[in-house]
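Have a look at the structure below, then the notes.
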Amino acid sequence: MTINQQQILTPFDIGQVRLVNRLAVAPMTRISASAEGVASQRQVDYYERFAKGGFGLTITEGIYTDQKFSQGYLFQPGITDLEQSQAWHAVTNAVHKHDGKIFAQLMHAGALSQGNRFSQGTAGPSAVTPKGEQMGFYYGNGQYPIPRVMTEEDIADAIDGFAKSAARAIEISGFDGVEIHGANGYLLDQFLTDFSNHRTDKWGGDVRSRVRLILEVYKAVRNAVGSATVGVRISQGKVNDFFHKWAEGEAGAEAVFGSLADAGVDFIHLTEFEAWKPAFVDAGDSLVKLAHRYAPNQAIISNGGLHQVDHIEEVLNDGADVIALGKGALANPDFPQRFANGAPLIEFDPSILGPIADIKDKELV
Ligand SMILES: Cc1cc2nc3c(=O)[nH]c(=O)nc-3n(C[C@H](O)[C@H](O)[C@H](O)COP(=O)(O)O)c2cc1C
């Protein structure tokens, strides 16, 4: 193990929170809550395994934030009322028992919603049919509908949903922090992306206007949670447009990361298909390096293909502080222990996510 690799087993302070190491579980939607969005015992057991296996930080699956347009999937958990918020307490308790920390990922699906028990139809920045097709393993099928164009009131409701959910996450559910889901093609990323945002008001236009909603959500969340740890997840690729690149290239990165830095977020969580690769062209800086350049005082979580451990060193050298694993953690819920002992890693078995991506019995043994 190299010195840099050893570094990921050392503690790290992210905002107000001390992690026992720099290995995190990436957020993964597993649609295993009740139909009413209440977190289940199955989820408690699932999340506990990661903390027991040594992960310093677990980031939950995307949790919906309001009873309007935010829910994306049937059986997705929410944090919109007392019952949903209290149910998460069993999850946070289970993680805390093993010295793990856990952040709630707050998510508004926007135009990519495939299942919402509160509203008919979807809502997004502009009346643009999303690229791609709905995900079968989350009970979707066929094209995404054209979203209704969000009014000022819809936008205010969405912001308020994030803020109130963040407060519930900290005060009722016992989470150690929150991650605002600004990535992967969901509502906040729809506003950030030129393809899906054709607005001519203050929420659309150049990248500094398109990032505005993320910043407004951050401000509202910060006001709601005081000094608790708050960060934002950012990506170029999307669940429905895997290879999307920011139209403005590095200038876009400067605008996005610079404004997050100015806003004072505690961390930026970056996800790319392969985190160590150049962000825009065949040669050039990774997104991690660009984020570190334009947001030098923010902690950086790096995600994407990093179960290929040889590449961990590259993203650490580029400025990452915490390494988040998705599929690598599903295959190895005890990844940190394996890594520390030099034990072999188990390869990810995609059948775990089929035909429906709910948590399987074999993951809980
Ligand atoms: C089943 C599954 C569900 C996911 N759900 C979410 C989610 O709810 N929120 C999110 O930000 N990313 C989600 N992701 C993306 C992962 O967090 C991660 O970015 C992706 O798996 C790439 O990282 P990896 O190469 O370590 O797996 C999901 C990924 C998978 C495989």
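The values are calculated or read from the model by the stated rules, or taken from the named source; none is laboratory data. No experiment lies behind these values; they were computed from the predicted model shown. Here the Cβ is made from the backbone with ideal geometry for all residues, glycine too, and neighbour counts use every protein chain on show. We work out accessible area using only protein heavy atoms, side chains counted, and drop any ligands, DNA or RNA first. Shrake-Rupley method; radii C 1.70, N 1.55, O 1.52, S 1.80 Å.
Residue by residue through the stretch 173-191, note down the ones that are surrounded by 24 or more Cβ atoms within 10 Å (Cβ to Cβ), more than 9 Å from the ligand (Cβ to nearest atom) and within 22 Å of SER40 (Cα to Cα).
Hits for the stretch 173-191 are SER173, PHE175, ASP176, GLY177, VAL178.
Mind checking which residues of the stretch 208-224 are open to solvent by less than 20 Å² (accessible area, probe 1.4 Å), in contact (Cβ under 8 Å) with a residue 24 or more places away in the chain and assigned to a helix (DSSP H, G or I)?
LEU213, ILE214, VAL217, TYR218, VAL221
Looking at (1) at pLDDT 95 or above; (2) not in a helix (DSSP H, G or I), which is the only condition MET1 fails?
Of everything listed in (1) at pLDDT 95 or above; (2) not in a helix (DSSP H, G or I), MET1 misses just condition (1).
Filter the stretch 109-121 down to the residues that are more than 15 Å from the ligand (Cβ to nearest atom) and either open to solvent by less than 10 Å² (accessible area, probe 1.4 Å) or free of Cβ contacts under 8 Å to residues at least 12 places away in the same chain (or both) and list them by number.
Just the residues of the stretch 109-121 that are more than 15 Å from the ligand (Cβ to nearest atom), to begin with: 111, 116-121.
Listed by number, the residues that qualify are ALA111, GLN120.
Inside the stretch 99-127, can you point out the residues that are of a type in the set (D, E, K, R), under 22 Å from the mean Cα position of the chain (by Cα) and assigned to a loop (DSSP other than H, G, I, E, B)? Steps first, answer last, please.
At the first step, the residues of the stretch 99-127 found to be of a type in the set (D, E, K, R) are 99, 101, 117.
From what's left, under 22 Å from the mean Cα position of the chain (by Cα): 99, 101.
The one that is of a type in the set (D, E, K, R), under 22 Å from the mean Cα position of the chain (by Cα) and assigned to a loop (DSSP other than H, G, I, E, B): ASP99.
Check off (1) open to solvent by 10 Å² or more (accessible area, probe 1.4 Å); (2) in contact with a Pro (Cβ under 6 Å, 6 or more places away or on another chain); (3) in a loop (DSSP other than H, G, I, E, B) for ARG49 and give me the number that stays unchecked.
(3)
Which members of the stretch 299-335 meet the condition of being in contact (Cβ under 8 Å) with a residue 24 or more places away in the chain, open to solvent by 30 Å² or more (accessible area, probe 1.4 Å) and near the ligand (Cβ under 7 Å from one of its atoms)?
Within the stretch 299-335, just HIS307 meets the criteria.
Tell me yes or no: at least one residue of the stretch 242-259 is in a strand (DSSP E or B) and either at pLDDT below 95 or within 16 Å of the ligand (Cβ to nearest atom) (or both). Walk me through it before giving the result.
As a first pass, look at the stretch 242-259 and keep what is in a strand (DSSP E or B): none.
The answer is no; no qualifying residue exists.
Tell me, which residue of the stretch 4-15 that is modelled with pLDDT under 95 and open to solvent by 40 Å² or more (accessible area, probe 1.4 Å) is nearest to the ligand (Cβ to nearest atom)?
GLN7
Among all residue pairs at least 6 apart or on different chains, which show Cβ distances below 7 Å where the first residue, located in the stretch 127-155, is in contact (Cβ under 8 Å) with a residue 60 or more places away in the chain and over 23 Å from ILE31 (Cα atoms) and the second is more than 16 Å from the ligand (Cβ to nearest atom) and of a type in the set (S, T, N, Q)?
Partner pairs satisfying both residue conditions: VAL128/SER196.
Might you check whether a residue that is open to solvent by less than 10 Å² (accessible area, probe 1.4 Å), in contact with a Lys or Arg (Cβ under 6 Å, 6 or more places away or on another chain) and not β-branched (Val, Ile, Thr) occurs anywhere in the stretch 135-150?
Looking for residues that are open to solvent by less than 10 Å² (accessible area, probe 1.4 Å), in contact with a Lys or Arg (Cβ under 6 Å, 6 or more places away or on another chain) and not β-branched (Val, Ile, Thr), one finds none in the stretch 135-150, hence no.
So, in the stretch 25-39, how many residues would count as being in a loop (DSSP other than H, G, I, E, B) and within 16 Å of the ligand (Cβ to nearest atom)? So that I can check it myself, show each step before the final result.
Our first condition is that a residue be in a loop (DSSP other than H, G, I, E, B); within the stretch 25-39, this holds for 26-39.
Checking which are within 16 Å of the ligand (Cβ to nearest atom) leaves us with 26-33, 37, 39.
Total satisfying the criteria: 10.
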